[in-house]
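Read-outs: derived from the displayed coordinates by stated rules, not from any lab. Everything numeric in this text was worked out from a predicted model, so none of it was measured. Neighbour counts are summed over all protein chains in view; Cβ atoms, including those assigned to glycine, are modelled from backbone coordinates with ideal geometry.
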Amino acid sequence: MKRALIAMLASAGLAFCQFAAAQDSFPARPVKMIVPYPAGGGGDILARAMAEAFQRATGQPMVVENRAGANGMIGAAACKSAAPDGYTYCLPVSDVMAINPHIYKTVPYDPEKDFAVVAPIATVVLAVVTNSSVPAANLKEFAAWTQANKQKANFATWGVGSAAHLVLAQFNKSMNASLTNVPYPGVPQMLQGTLSGDAAATLLFYGPIAQHINEGKLKPLAVLADKRYHALPNVPTVSEAGFTFAPTVYYGAYAPAGTPPTILARMNQLLTTAAADPAVMKTMNAAGFAPLVESPKAFSERVARDRAAWGPIAKSLGLSLE
């Protein structure tokens, strides 16, 4: 009995030493963060701000790699297929893990089995904005305008089957609107399309649209948030504006399944610290992000709840994509 106890304690001690060694030595080389969207978008801005804080804290670069396409699935698949050695991660928006499995007939990853949650990062405050030429002061007027101007009522989104697409589809259904989804490769293209008038409206986070709102080129009608956004105090939330469908959109960091738990724990610590860095917080605040602080377990449960909630919505809208 005594020998067994000694062996057990020795094994526990060895495991603790291995854990401590992994914590102390990681990262020993540059870390890759795959952003499954083009440069200039929300995930890209967030990742690059965090990369600077990460390097300041560790002395190692965090290399941001943009792998855009297929509503985030190309980047997610690249992350899934990477070696689970702790040196490759991805930063998808919640669509990738919670919506895509319901929308696409073929998804090149299993959101529950192919990834390990590393850390929640941020929620996104999104605003519905129209081109200034659209004569609508609120969502109800905008819905009526779309019915009378169906050929002009294009809505720019970041992809077919994205959260933005489902928001517009639900908006059409619940407010008797007539918007057409026009998918763009990323945020810069969505913004340009709305500014040019090719799209009548879009759904974007605050950073890229702030200047254009101030210049009167874009008109904010509502924000997708639980409460009014501090930078747009006179703009109602969607629920205040009469549209009760207000999903939460958020970013989280993932690693390939099989990444060692000690490395996941260390990376969680590093990314959480990076997200709380004053410079990163300033970037988040200016862009329309809010830190999402919770444990990986709580975040996994959040994603699972949202995945379950999006299923009936996608089915009711009849969305099924190749």
Cα convex hull volume per residue for segment 126-224, in Å³, equals 81 Å³
The simple spin-label model distance between E65 and A308, using points 7 Å out along Cα→Cβ, in nm, is 3.5 nm
Any lysines whose Cα falls less than 16 Å from that of K32, other than same-chain ones fewer than 8 residues away, would be K80
For an R0 of 51 angstrom, estimate the FRET efficiency from the Cβ-Cβ distance between A279 and S133 and round to the nearest 0.05.
0.85
Could you name the lysines whose alpha carbon sits less than 19 Å from that of K297, not counting residues in the same chain fewer than 8 places away?
K113
Give me the distance between the Cα centres of segment 40-71 and segment 163-219, rounded to whole Å.
25 Å
Added length on full extension, which subtracts the Cα-Cα distance from 0.36 nm per residue, L317 to S25
100.1 nm
Taking R0 as 25 Å and r as the Cβ-Cβ distance between K32 and S196, the FRET efficiency 1/(1 + (r/R0)^6), rounded to the nearest 0.05, comes to 0.10
With an 8 Å Cα cut-off and a minimum separation of 6 or more residues, compute the relative contact order for segment 126-224 in percent.
46 percent
Using r as the Cβ-Cβ distance of E141 and Q211, and R0 as 35 Å, what FRET efficiency do you calculate, to the nearest 0.05?
0.90
Yeah, segment 26-70 with a ≥ b ≥ c from its alpha-carbon gyration tensor (a/c under 1.5 is rounded, else prolate when a/b outruns b/c, oblate otherwise) is oblate
Rounded to the nearest 10 degrees, what's the angle between the helix 261-275 long axis and the longest principal axis of the chain, both from Cα atoms, 0 to 90?
50 degrees
GNM, the chain, Cα, under 10 Å: largest mean-square fluctuation among H212, H230, H102?
H230
If every Lys and Arg gets +1 and every Asp and Glu gets -1 at its Cβ, then about the Cα centre segment 259-322 yields a dipole, in debye to the nearest 20, of 100 debye
Sketch the reach of a paramagnetic label on A265 as a point 7 Å from Cα along Cα-to-Cβ, and name the residues of segment 54-92 whose backbone nitrogen lies under 19 Å away.
85-87
Put +1 on the Cβ of each Lys and Arg and -1 on the Cβ of each Asp and Glu in the chain; which of P208, A98, G161 then has its Cα farthest toward the positive end of the dipole?
A98
Report for segment 126-224 the percent antiparallel among DSSP-assigned beta bridges with both residues inside it, nearest 5.
65 percent
Of (i) 69, 54, 35; (ii) 83, 39, 31; (iii) 57, 47, 46, which is the value of Cα extents along the principal axes in Å derived from the coordinates here?
(ii)
Cα-centre dipole for segment 126-224 with unit charges at Cβ (Lys and Arg positive, Asp and Glu negative), debye to 20:
180 debye
